[in-house]
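Accompanying notes for the structure given below.
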Amino acid sequence: MTDVLTYIGEETIQALLPGVVSPLLAAEADLQAKIAALVGFSATVSLSVGAQITLAESILASLQVALSLGIEAPSIQVQIDAVAALLVAIRAELQLIEDLFGLLAAAGVHAWAYDGTASGFGATLSTALATGLPGGGGPAEHINALVFATSVSATWTAMGEIFRTTP
């Protein structure tokens, strides 16, 4: 087996995490839809005038009975307050996703995928970086690196679902 180091490219963090970004986009869209629905919330009655009068009389009679028994009358304000609280909570969840997308937008990450022996990895990487990062300032330029490695093919497959592992 020949050791192969494949340059994936210079990317944003987001581009290197397609398996994470897709569900986040779906969650973001779902939260946006929930916010739109809650913002559009209003208590409306879509009955004819005659039916509204009959319904109002029925409600009034029921309220009078309830009040005579010491039961407090229901309030639409309770529902409005519940919707407002839910809206605040959903907006907070959405803000977390938007903050994460802000972090994922960071660019300038060089990525490689390696396929070969453990003993060949260092030499192969050294050769690839002998002149510095692609398009970079040369071999003396300071860089930071994070390396993920596995010898389990199923784990590599799972990593490929989370990280971009091919050009």
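How high is the FRET efficiency between Asp30 and Ile162 when r is their beta carbon distance and R₀ equals 30 Å, given to the nearest 0.05? The value I calculate is 0.90.
Think of the chain as having a plus end and a minus end, set by charges on the Cβ of Lys, Arg, Asp and Glu; of Thr6, Ile76, Pro18, Ile76 sits farthest toward the positive end of this dipole. Helical runs (DSSP H, four residues minimum) scored at -39500 (n - 2.57) apiece and divided by the length of the chain put the mean residue ellipticity at 222 nm at -19000 deg cm²/dmol. In this simple spin-label model, placing a label point 7 Å from the Cα along the Cα-to-Cβ direction at both Ser68 and Leu86 gives a separation of 3.5 nm. For a Förster distance of 30 Å, can you work out the FRET efficiency between the beta-carbons of Ala51 and Ile76, rounded to the nearest 0.05? Approximately 0.95, to the nearest 0.05. Distances between placed amide hydrogens fall under 5 Å for Gly116 paired with Val4, all partners being 5 or more residues away or on another chain.
Residues in segment 1-36 near a label at Leu103, defined as backbone nitrogen under 17 Å from the 7 Å Cα→Cβ point? What the label zone holds, given the 17 Å backbone N cut-off, is 12-25, 28. When peptides 53-61, 105-113 are ranked by their average number of other Cβ atoms within 10 Å per residue, the highest-first order is 105-113, 53-61.
Sequence-ordered 3J(HN,Hα) estimates for segment 124-131 from the Karplus curve with 6.51, -1.76 and 1.60 and θ = phi - 60° stand at 5, 5, 4, 4, 5, 9, 4, 9 Hz, glycine and proline given as x. Descending by average beta-carbon neighbour count within 10 Å, the peptides 5-15, 115-125 line up as 5-15, 115-125, the highest first. The candidate values are [x] 10.3; [y] 11.5; [z] 17.5; the one derived from this structure for mean projected area of the Cα convex hull in nm² carries the label [z]. Under a 5 Å amide H cut-off, with hydrogens placed 1.01 Å from N, Gly9 pairs with Ala111 among residues at least 5 apart or on other chains. Taking each residue as 0.36 nm, the span from Phe148 to Ser58 lengthens on full extension beyond its C-alpha to C-alpha distance by 25.5 nm.
Every read-out reported here was derived from the displayed coordinates using simple, explicitly stated rules and does not represent laboratory data. Fair warning: this is a prediction, and the values are worked out from it, not measured in the lab. All Cβ positions, even for glycine, are placed from backbone atoms using ideal geometry, and neighbour counts span all protein chains on display.
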